[in-house]
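K.L.:
Just passing along the structure, written as structure tokens.
Read the figures in this text as sums done on the coordinates, not as results from a lab. Only a predicted model underlies this, so the values are computations on that prediction, with no experimental measurement involved. A quick note on method: Cβ atoms are made from the backbone with ideal geometry, for glycine too, and the neighbour counts reach across all protein chains shown.
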Amino acid sequence: MLKKILIANRGEIAVRIIKACKELGVKSAAVYSKADGKSLHVKLADEAYEIGEAEAAKSYLDMNKIISVAKEIGADAIHPGYGFLAENADFIEQVEANGIKFIGPSAEAVKLMGEKTSARRLMENSGVPIVPGTIHPLKSYEEAVEFAGKIGYPIMLKAAAGGGGKGMRKVDSPDELKSAFERASNEALKAFGNADVYIEKFIENPKHIEVQVLADEYGNTIHLYERECSVQRRHQKIIEESPSPSIDDETREKITSAAVKAATAVGYKNASTVEFLYDTVSKDFYFLEMNTRLQVEHPVTELVTRFDIVKEQIKIASGEKLSVSQEEISQHGHAIECRVYAEDTTNNFAPSIGKILHHKIPVGPGIRVDTGIDLHSEVSVYYDPMLTKLIVWDASREEAIVRMQEALKNYHIAGVTTNIDLLLWVLNHPKFRDASFTINFIAEELQPLLPEKWKKELYDEYVEAAVALAAILKEEKRHLSVSQNKTFTSNSWELMKYE
Ligand code: MV4
């Protein structure tokens, strides 16, 4: 077993990894920036080392610094969590060149899956269904015209080096293609240093379903079933659940087998997630991308399969064989995760910064709280504003929803504005209840309730939206949460109080 793991991350995921280390009797070493001295992960780890300035580029993204700390303190492995350096093939190579174990996939697999056309080629050759489109970067605008004509509009132009929604452009008709092609290539070059783009058929109103995969270093690969993550806004998931309420057992069997095929095809080791778009009408699913890391939403899978993914990651990196076989994994009951963000829904999801002045977490049967904050923590502008993941388990989806509503109502945070009201609004929405939501749910249902900007000339619209939201909240008989550092110019909660 590994002896000391450096955790190259912060917040709730660093805390989650520290807990797995403690349970396995492995020493944990935190690293932190100057903004994070009082953070929970620093308090909980066995050791903690400051690595630089608040800006991520000068701390959590500083590969050399992190590797030199690991060597100095005698860490034999690095767990990257998600984000930051987790899917950086150069980092993996450097970690390994220094004789340190990277808890994750090989640099090779990360590169192969990071270039989206090579990923699509590999999937097609392995019998994993991909979205119809090109499997090589487009060589010219003329080639784009030809392919788009063949598969039919609307299409998506995507950056080969992109992912997660970056460098993506929908094209509705041939006359839009020229400018879209040029802009997409330019954007791709600027964002990723690589101008390559490719074409996919645009899939209308799909769901987002992904499969958790685990593989050891001896080629054994299993899946831990699926998660549905369709409730998102601007490529930011906010609610995830397992099992998916939208697929039948036959589709479940097909999509999980496809995910195992995908991981096997890349010779994958450790934990990964294979993402699919799912068309509810045809019941077809299409490979989107493979995430070569532990994901934010892994806990719903842990609760439903009763299996600890992070401990297994560490065991795999220690050279152990998978501790379970596929036959030993099954789904029990239903789990839902809500991501609690420090942000203002009514102010264009602007991050809310401040000091945590009050923090009472919900407790009770079937409630799990993965948090990176506690009383007095500082929520800064430097990092992702996700504070906490509330995860609940219950025997059925209906019961899990009720349990989550209670958990959210009993989660009290003061000092920053949170999205708890938004989460409650979603859980009560008929389209969430009957599972008919797609990836466009928030954009279609919530956005019309919210004005784009809070300019003075938009005041009427602002009042209208605030009143509409207030009515929804009143119907749910809930109290409005008012931020400590409220601004009277752009805070609809204030308006609602007077309504
Ligand atoms: C698509 C699509 C529709 N058709 N590709 C967004 C993130 C990136 N992983 C791929 N994405 C999409 N690709 C085709 N051919 C719609 C999306 C998409 C999306 C996908 C998953 C979850 C949320 C999403 C939100 C907007 C768009």
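K.L.:
Enumerate the calculated ³J(HN,Hα) couplings along segment 166-180 in order (Karplus 6.51 cos²θ - 1.76 cosθ + 1.60, θ = phi - 60°), each rounded to whole Hz, writing x wherever the residue is Gly or Pro.
P.N.:
Result, rounded to whole Hz: 7, x, 10, 8, 7, 10, 8, 8, x, 6, 8, 5, 4, 5, 4.
K.L.:
Could you run the Karplus curve 6.51 cos²θ - 1.76 cosθ + 1.60 with θ = phi - 60° over segment 327-341 and give me ³J(HN,Hα) per residue in whole Hz, x for Gly and Pro?
P.N.:
5, 7, 9, 8, 9, 10, x, 9, 10, 10, 10, 10, 8, 8, 9
K.L.:
Apply the Kirkwood formula to segment 132-201: the hydrodynamic radius equals the inverse of the mean of 1/r over all pairs of different alpha-carbon atoms; give it in Å with one decimal. If you can, show how the numbers build up before the last one.
P.N.:
Working: mean 1/r = 0.0868 Å⁻¹.
Every distinct Cα pair counted, the radius reaches 11.5 Å.
K.L.:
Taking the mean number of other Cβ atoms within 10 Å as a proxy for protection, how do you rank 177-183, 5-11, 25-31 from highest to lowest?
P.N.:
On the way: 177-183: 16.1, 5-11: 27.9, 25-31: 21.1.
The most tightly packed comes first, giving 5-11, 25-31, 177-183.
K.L.:
Is there a quick way to get the dipole size of segment 184-289? I mean about its Cα centre, with the Cβ of Lys and Arg at +1 and of Asp and Glu at -1; what is the value in debye to the nearest 20? The partial results should precede the final answer.
P.N.:
On the way: 12 positive and 19 negative charges, 59 e Å.
Dipole of segment 184-289, to the nearest 20 debye: 280 debye.
K.L.:
Continuing with the same structure: Cβ neighbours within 10 Å, averaged per peptide: list 56-65, 82-91 in order, most packed at the top.
P.N.:
On the way: 56-65: 17.2, 82-91: 19.6.
Result, highest mean Cβ count within 10 Å first: 82-91, 56-65.
K.L.:
Evaluate E = 1/(1 + (r/R0)^6) for Gln326 and Ala191, where r is the Cβ-Cβ distance and R0 equals 45 Å; express this FRET efficiency to the nearest 0.05.
P.N.:
Numbers: r = 39 Å, r/R0 = 0.86.
Here the calculated transfer efficiency is 0.70.
K.L.:
Can you pull the Rg over Rh of the chain, Cα-only, Kirkwood?
P.N.:
Values: Rg = 22.7 Å, Rh = 23.8 Å.
Taking Rg over the Kirkwood Rh, I get 0.96.
K.L.:
Only bridges whose two residues both fall in the chain count here: according to DSSP, what percent of them are antiparallel, nearest 5?
P.N.:
Taking every DSSP beta bridge with both residues in the chain, the antiparallel ones total about 80 percent.
K.L.:
Mind ordering 44-53, 307-316, 440-449 by average Cβ neighbours within 10 Å, highest first?
P.N.:
Working: 44-53: 17.3, 307-316: 20.4, 440-449: 15.2.
Ranked from most to least packed, the peptides come out as 307-316, 44-53, 440-449.
K.L.:
Another question, if that's okay. Using the crude model of +1 on Lys and Arg Cβ and -1 on Asp and Glu Cβ, and no other charge, please compute the dipole size for the chain relative to its Cα centre, in debye to 20.
P.N.:
On the way: 61 positive and 75 negative charges, 208 e Å.
Computed about the Cα centre, the dipole is about 1000 debye.
K.L.:
When the Kirkwood radius is taken over all Cα pairs of segment 283-407, what Stokes-Einstein diffusion coefficient follows at 25 °C and 0.890 mPa s, in µm²/s? All intermediate terms of the calculation are to be shown ahead of the outcome.
P.N.:
Numbers: Rh = 17.1 Å.
In µm²/s, the coefficient is 143.
K.L.:
Using θ = phi - 60° and the Karplus relation 6.51 cos²θ - 1.76 cosθ + 1.60, list the HN-Hα couplings for segment 259-269 in order, rounded to whole Hz, with x at every Gly or Pro.
P.N.:
Going residue by residue, I get 5, 5, 4, 4, 5, 5, 4, 8, x, 5, 10 Hz, with x marking Gly and Pro.
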